[in-house]
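Notes to accompany the following structure.
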Amino acid sequence: MRITAIREIAVPLEGNVANALVSFAEHDVSLVAIETDVLRNGKPVIGYAFDSIGRYAQSGILRDRLIPRLKSAAPDSLLDASGALFDPEKVLRTILRNEKPGGHGDRAAAAGALELAVWDLNAKLKDEPAHVTISRHFGRQGKRNGVNVYAAGGYYYPEESTQRLVDEFKAYRELGFDAFKMKIGGADLDKDLARIEAALTIAGKGQRLAVDANGRFDLGTALAYAEAITPYDLRWYEEIGDPLDFDLNRQVAEAYSGRIATGENLFSVPDVKNLTLFGGMRPGKDIFQMDAGLAYGLTEYSRMIDLIESHGFDRAQAYPHGGHLINLHIAVGLELGGCEAYPGVFQPFGGYPSGCGIGGGLVRPTDAAGFGLEEKDALRPWLTSLAD
Ligand code: MG
C-alpha cells in the first residue's frame, strides 16, 4: 500500500463576520487529500482533512516542505505494524523532518491537516466512522451516543444589533441547540452586557450561554468583565487574554468564581503543560479547547489529553475548538466533554450534516466512513475537485 498523490487547495470561508480581534472576511482553510493505490469500487481510497478554522490556509508550508517529505518517504516507512493501515505518528515524524522544536505557529496547522487526513484514510480502509478507528487506536470505548454540543456564533457584524443576535440564536434553537456561545470584547462593556442580556432571553439561563473574548483583554479589562458578568452565572468565560499570557489567566481564575475556558491557540504539548502549571486552570472546573487541526493533528492532541489528565484534570474538561465534523469524531472517539458547532458561520466547514442527530444537548456523527466530510453539501464540490 502506498500514497499515489497528495493535493491541497485553499478554500475561502464564506460570510463577513468578526470577533473582538479578527475579521474572517479574508480567511481561508487548507483542504488536503491523500490518495492511495487501494481501490474500492474501481476508485482510489482518499483521505481528506483540513486545518480547522482561524489560522488561514497553509499552502506554502504544505507544498514547499511537508508534502514533498511525505511523497519522498519509503512507502513501508509510513505503515503500521500490520501493514494494513498508515501510522499517523510515523507520518507526522516524516513531515516534520528537519523542523526545529518550538515556535509552533502556522506549521502546526499545516501538519495537522495532513496528519488528520491519515485518520480519515485509515477509517475508510476499515470502512468505519473515524471515531471508531480513533477509540480503538487509543483503547477507549468512545461516546457513541453522542457528546455535549453548543452552537457557537454571536459574532459582530457590520450591521450590528442585539436583535440580530437574538434572531441568530433563535435560529440555532430551532435547529435543536439548547446552549450557545457569543463573542464579547468587540464593543464596550455596557454594549456587551446588553448583548449578553439579549442572548439570555433565548438561552434561558446563564449556564446555557458562554462568552468568548478571543484573547483581546488586558488584565484590567479582563477583571472588569469578570466582575460584571459574575451575576449572570455564565457557562464559561473564554480566551480572556493573550493565549500565552498564563499569568493573566491565573489571576482571572483566582478572581472569577465562574468557569473559564482557553487553549484553542496553544499548538503543542509543552504549551499546554505551561497552561496547566502556570495558568491557574482548576481541575474539575475549567475548560481546555485545544484543536487537533491547528496543533499537528490527533497524535499531538492525544498527548495533550494525556498531559492534562496527568496533572489532575479530566478529559471531560476538553472541548475542542472548531465546531466541525473532524473534532466531533475526535470528541466522540476520545470521550471528551463535548464540542462546539458552527451551524451558521464558517461555511463550508462549520457545523454538521443533517444526518448528525442534534437534540437533548447532544450531537452524534453518522455512520459514514471516515470523518464523513463527503456528507457535507457545501464541502462536497471542493472534495470532488481535489479528487480529480
Ligand atoms: Mg474561542
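The values are calculated or read from the model by the stated rules, or taken from the named source; none is laboratory data. Remember, predicted model here, so these are calculated numbers, not experimental data. Here Cβ is always computed from backbone atoms with ideal geometry, including for glycine, and neighbour counts include all displayed protein chains. The area values use the complete protein model at the heavy-atom level, side chains included, leaving out ligands, DNA and RNA. Shrake-Rupley method; radii C 1.70, N 1.55, O 1.52, S 1.80 Å.
Suppose we keep only residues that are at negative phi and within 14 Å of the ligand (Cβ to nearest atom) within region 211-233. Which one would you say is most open to solvent (accessible area, probe 1.4 Å)?
Arg216
Restricting attention to region 176-200, and to residues there that are within 16 Å of the ligand (Cβ to nearest atom) and assigned to a loop (DSSP other than H, G, I, E, B), which single residue is farthest from Val22 (Cα to Cα)?
The extreme case among them is Ala179.
Just to be sure before I move on: is Arg173 of a type in the set (D, E, K, R), free of Cβ contacts under 8 Å to residues at least 60 places away in the same chain, assigned to a helix (DSSP H, G or I) and surrounded by 18 or more Cβ atoms within 10 Å (Cβ to Cβ) in the structure I sent?
no
Could you tell me whether any residue of region 242-257 is under 21 Å from the mean Cα position of the chain (by Cα) and within 11 Å of the ligand (Cβ to nearest atom)?
Within region 242-257, one or more residues are under 21 Å from the mean Cα position of the chain (by Cα) and within 11 Å of the ligand (Cβ to nearest atom).
Looking at region 189-199, can you tell me whether even one residue there is under 18 Å from Tyr237 (Cβ atoms) and of a type in the set (Val, Ile, Thr)?
Yes, region 189-199 contains a residue that is under 18 Å from Tyr237 (Cβ atoms) and of a type in the set (Val, Ile, Thr).
Taking region 51-94 as the search range and keeping residues that are at positive phi and touching a strand residue (DSSP E or B) at 6+ places or on another chain (Cβ under 8 Å), which one is modelled with the highest pLDDT? Don't jump to the end; show me each part of the working.
Within region 51-94, the first condition is being at positive phi, and the residues that meet it are 52, 54, 56, 83.
Now restrict to residues that are touching a strand residue (DSSP E or B) at 6+ places or on another chain (Cβ under 8 Å): 52, 56.
Working: Ser52: 88, Tyr56: 94.
Among them, the one singled out is Tyr56.
List every residue pair whose Cβ atoms lie under 9 Å apart, where the two residues are 6 or more positions apart in sequence or sit on different chains, the first residue falls within region 183-212 and is in contact (Cβ under 8 Å) with a residue 60 or more places away in the chain, and the second residue, located anywhere, is assigned to a helix (DSSP H, G or I) and among the hydroxyl-bearing types (Ser, Thr, Tyr).
Correct list of pairs: Ile184/Tyr225; Gly185/Thr221; Gly185/Tyr225.
Would you mention how many residues in region 258-268 are in a loop (DSSP other than H, G, I, E, B), within 14 Å of the ligand (Cβ to nearest atom) and open to solvent by less than 30 Å² (accessible area, probe 1.4 Å)?
3
Could you tell me whether Asp286 is within 16 Å of the ligand (Cβ to nearest atom), touching a strand residue (DSSP E or B) at 6+ places or on another chain (Cβ under 6 Å) and either open to solvent by 20 Å² or more (accessible area, probe 1.4 Å) or more than 26 Å from Phe349 (Cα to Cα) (or both)?
Spelling it out, Asp286 is indeed within 16 Å of the ligand (Cβ to nearest atom), touching a strand residue (DSSP E or B) at 6+ places or on another chain (Cβ under 6 Å) and either open to solvent by 20 Å² or more (accessible area, probe 1.4 Å) or more than 26 Å from Phe349 (Cα to Cα) (or both).
Go through (1) at pLDDT below 95; (2) closer than 23 Å to Tyr237 by Cβ; (3) open to solvent by 20 Å² or more (accessible area, probe 1.4 Å) for Asp271 and report which single condition fails.
So Asp271 meets the others, but not (1).
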